[in-house]
1. Output the qualifying pairs, or none if there are none: Cβ atoms under 9 angstrom, residues six or more apart or on different chains, first residue in the stretch 13-39 and without any contact (Cβ under 8 Å) to a residue 60 or more places away in the chain and assigned by TED's automatic domain parsing to the domain that holds residue 154, second residue loosely packed, with under 14 Cβ neighbours inside 10 Å and part of a helix (DSSP H, G or I).
2. Just the residues that are part of a loop (DSSP other than H, G, I, E, B) and at pLDDT 90 or above, please, taken from the stretch 123-174.
3. Taking residue 74 as meeting all but one of (1) modelled with pLDDT under 85; (2) over 30 Å from residue 160 (Cβ atoms), write down the number of the exception.
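The values are calculated or read from the model by the stated rules, or taken from the named source; none is laboratory data. The structure displayed is predicted, hence computed values, not measured ones. When we count neighbours, we look across all protein chains shown, and the Cβ atoms used for this are built from the backbone with ideal geometry, even at glycine.
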């Protein structure tokens, strides 16, 4: 395994400037790699697409849908009862209103839970809703193959060039590229 230091940039121009600075500090082309990291969810880790088998925020959607259906049906019945007392006296109005209320309640309840609006389930900053640390952000990544002696120097150059989320990783470096790069892996920050 090789020791790799990497940093994210917002544009290719900024990343290329960082590579020029790394060249000035003695790093060779064989030790540098520049590539774009897609936004989360767009890495096609599964045959049907996506990075995960299921969206972690959808875990409680069925509970919200059930609660929303119950509340919606009750609201629909109350509305239908008032309407039928004032205008029409029909069981059909009661049944249709309860059904429409349950349908709308199901939709709203599921959406409420999917947005993380459930009590105690709001997403934590820096973590995904399921509690795992947040994956790396999208952007241009400059990776540098380093030794333990040169890792701090590479990190300083990347930071001075405007790099954010400077990380350290162990990986397979082949032919001037980070061969086993995994965009879904959690970033291990490097302290400068």
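1. Pairs that qualify, where the first residue is without any contact (Cβ under 8 Å) to a residue 60 or more places away in the chain and assigned by TED's automatic domain parsing to the domain that holds residue 154 and the partner is loosely packed, with under 14 Cβ neighbours inside 10 Å and part of a helix (DSSP H, G or I), are 23/29.
2. Here is the first cut: in the stretch 123-174, the residues part of a loop (DSSP other than H, G, I, E, B) are 123-126, 128-132, 134, 136-138, 147-150, 161-163, 172.
Of everything in the stretch 123-174, those that are part of a loop (DSSP other than H, G, I, E, B) and at pLDDT 90 or above turn out to be 147, 148, 149, 150, 161, 162, 163, 172.
3. Going through (1) modelled with pLDDT under 85; (2) over 30 Å from residue 160 (Cβ atoms) one by one, residue 74 breaks only (1).
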